[in-house]
Amino acid sequence: MARSKGTVFFCTECGYESSKWMGQCPGCRAWNTFAEAPSGKGTKTAGAAGIVRKSGRDEKPKRLAEIETAKETRVSTQMTELDRVLGGGLVAGSLILVGGDPGIGKSTLLLQVCRNLAEKGHKVLYISGEESLGQIRLRADRLGQFSGELLFFCETDLDMIAGVIEEEQPEAVVIDSIQTMYREEAGAAPGSVGQVRESTHVLMRLAKENNITIFIVGHVTKEGTVAGPKMLEHMVDTVLYFEGEKNASYRILRSVKNRFGSTNEIGVFEMEHDGLHQVLNPSEYMLSGKPEGASGSVTACIMEGTRPVLLEIQALVCRTNFGLPRRTAAGTDYNRVNLLIAVLEKRAGLRLSDCDAYVNIAGGLKVSEPSLDLGIVMALASSQRDVPVDDRMMIFGEVGLSGEVRAVSMAEKRIREAGKLGFTSCMLPRVCLDRMRERPDGIRLIGVRNVREAIQCLQPLSGA
Ligand code: TYD
Ligand code: MG
């Protein structure tokens, strides 16, 4: 291969880039992993090239008012949960990466999206490099009826795929998965960083030139990033992660990057025998199975994007049998829990130094929002004293090192969500209560200034 002026070399293990070949990669210290990127110049800027460089040389910089706005039309996937995560539906010409652990349901989700799009009269192409047509058929049979123009194709050679896409002109394409795709020219093995990068460039160009939406499935490495390092995330327009516990049936779709909408949005799904079902009211779902009248159980509220989600915090405090007390935190930050235990000891006079303490976010959600602090503190205190917190009370607030309860954002939204689900009282930071312009009716608000005040609310219940 003739070396062009802008050639780059990059490590096929970690993606480290360099202008010259090296024996050992300075990034990951692996030997003999450097490969040359074909047509270096094009590759390096292909991400931008696909969008920008279409016209001739006489293009000039423009004022904002001179730029024509292409009217952005969104195509609904017929799943409100997915549409919200995408920022309102699919944008033509976008490249969407769907990452997640193997077996979490990526192929199932995308097959359902394909079905919905085809049903609405869009032409869709599903390309699988992992499963045979027979296996896809079996999966599709589980999902139910299919109609419209949905084509399936088993192939891993990207040049072939590009040919098929250009010939068939579908409106949406699914590539399952990027790790199985290869291009003869890139030289490296499928799944290597070089191939993943090259393949993504090709798909990016295809998406922009033909104005089609392309979904790419990407497997996740042990470290929790899409295999093929961060660079894959930089290249695409939208990155969605599909997460969930293997043994729990619900799945969370999270957007971590979105050029066409906000991040932090989540969509909740449940995996059943006939595919994924949307969970339209996650709060209700997360609280199902909450024990009544049990000590150590507290309802708290987090914000997932713009949406409040209620969840249950559980704490169990018991005497240590061995010298060193054990502390665990499942679903939330371990260090934060330790800090809150220390605050409780010092500022509220609770004796916890000779106790084991276990904290768990029920339902398997992973959250680390400061607004959970007050809930965790109350759950710990409730378990230590063996006094249940009112079942119809929702609690939120951040706790500082002096034991003060600090304000959190969007208090009204959280309270309204609790009201909707039938909660009758809410414990919140005093500052939030004072700032509130109008108080929602039907729900009693208890503003607390510090953890001591909060814990005092536990007392009267013990007599009840
Ligand atoms: P899959 O979509 O193949 O996962 P991925 O593409 O992310 O690797 O999901 C496979 C799992 O989902 C598998 O364990 C079976 C389960 N499943 C159901 O429970 N119900 C269904 O209707 C389908 C199609 C799959
Ligand atoms: Mg799959």
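The values are calculated or read from the model by the stated rules, or taken from the named source; none is laboratory data. Keep in mind that what you see is a predicted model, and the values were worked out from it rather than measured. Here Cβ is always computed from backbone atoms with ideal geometry, including for glycine, and neighbour counts include all displayed protein chains. Surface accessibility is based on the protein's heavy atoms, side chains included, excluding ligands, DNA and RNA. Shrake-Rupley method; radii C 1.70, N 1.55, O 1.52, S 1.80 Å.
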Item to check | In region 143-167, residue farthest from ligand 2 (Cβ to nearest atom) [restricted to those that are closer than 16 Å to Met181 by Cβ and of a type in the set (Gly, Ala, Ser)] | outcome: Gly163
Checklist entry - Any residue at all in region 114-124 that is open to solvent by less than 10 Å² (accessible area, probe 1.4 Å), touching a Phe, Trp or Tyr at 6+ places or on another chain (Cβ under 7 Å) and within 15 Å of ligand 1 (Cβ to nearest atom)? => result yes
Next on the checklist: Every residue in region 142-179 that is away from ligand 1 (no atom under 14 Å from the Cβ) and small (Gly, Ala, Ser), please.
Outcome noted: Ser147, Gly148, Ala162, Gly163, Ala172
Item to check | Residue check, Leu90 at pLDDT 90 or above, away from ligand 2 (no atom under 16 Å from the Cβ) and in contact with a Leu (Cβ under 7 Å, 6 or more places away or on another chain) | outcome: no
Checklist entry - If you go through region 117-138 one residue at a time, how many are touching a residue at least 40 places away in the same chain (Cβ under 8 Å) and part of a helix (DSSP H, G or I)? => result 2
Checklist entry - Which members of region 370-387 meet the condition of being touching a helix residue (DSSP H, G or I) at 6+ places or on another chain (Cβ under 9 Å) and open to solvent by 10 Å² or more (accessible area, probe 1.4 Å)? => result Pro370, Gln384, Arg385, Asp386, Val387
Next on the checklist: Between Asp101, Asp176, which is touching a His at 6+ places or on another chain (Cβ under 9 Å), within 16 Å of ligand 2 (Cβ to nearest atom), touching a residue at least 24 places away in the same chain (Cβ under 8 Å) and of a type outside the set (Phe, Trp, Tyr)?
Outcome noted: Asp101
Checklist entry - Only one of Val256, Val193, Val217, Val279 is in contact with an Asp or Glu (Cβ under 8 Å, 6 or more places away or on another chain) and modelled with pLDDT under 85; which? => result Val193
Item to check | Hey, Ser128 of a type in the set (S, T, N, Q), in contact with an Asp or Glu (Cβ under 6 Å, 6 or more places away or on another chain), farther than 20 Å from Thr80 by Cα and surrounded by 20 or more Cβ atoms within 10 Å (Cβ to Cβ) or not | outcome: yes
